[in-house]
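This report refers to the structure that appears directly beneath it.
The values are calculated or read from the model by the stated rules, or taken from the named source; none is laboratory data. Predicted, not measured: the structure shown is a model, and the values here were computed from it. With ligands, DNA and RNA removed, areas are computed over all heavy atoms of the protein, side chains included. Shrake-Rupley method; radii C 1.70, N 1.55, O 1.52, S 1.80 Å.
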Amino acid sequence: GIYMPEKMMKQEPDQALQITAGMVSVTAFCAMVWSLMDGWMDQPNWQSFGLPGLLLDPEMRTIAMAVVWTGVVSTSVNFCVEVKALGQVPSSEASVLLATEPLWASVFAAAFCHERFGTNDFIGGTLMIAACLVNTVPFPEFAKNEKGGER
């Protein structure tokens, strides 16, 4: 969530790294519990799929780098940037920006990795932008209702 980090950043604006550490720790703990409950440890040769096995086995180097990238850049750095931004932007605006993340991922994949951007992608992107606009544009009848008026 972004609600609690925003409140924490408003109270302690210089504590972004500590807030991020807490968020990453909770994420790592949840991932650990999930992986232990997933049943992969019943498989033969399961030790090679643990982090030491991935990092030390030359045949698993590509997978290990993907795991490190996901853990460090995609999670830790991303959380840190989001938490720092929450100190500047209200959570309502941040949630709208974060909701468009899959759309931007598709656009960048199409632009830089030459991925195909099909009809479904255009329809999905349009629906996402429309939902964000509906969420942010104030409608007069809702504003009247919030002030205590009847519907």
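Brief remarks on what is shown
- Flag if residue 93 is open to solvent by less than 60 Å² (accessible area, probe 1.4 Å), charged (D, E, K, R) and at pLDDT below 85: no
- Considering region 24-64, and only residues there that are of a type in the set (D, E, K, R) and within 26 Å of the chain's Cα centre (by Cα), the residue that is farthest from residue 74 (Cα to Cα) turns out to be 38.
- Hey, residue 57 charged (D, E, K, R) and at pLDDT below 75 or not: no
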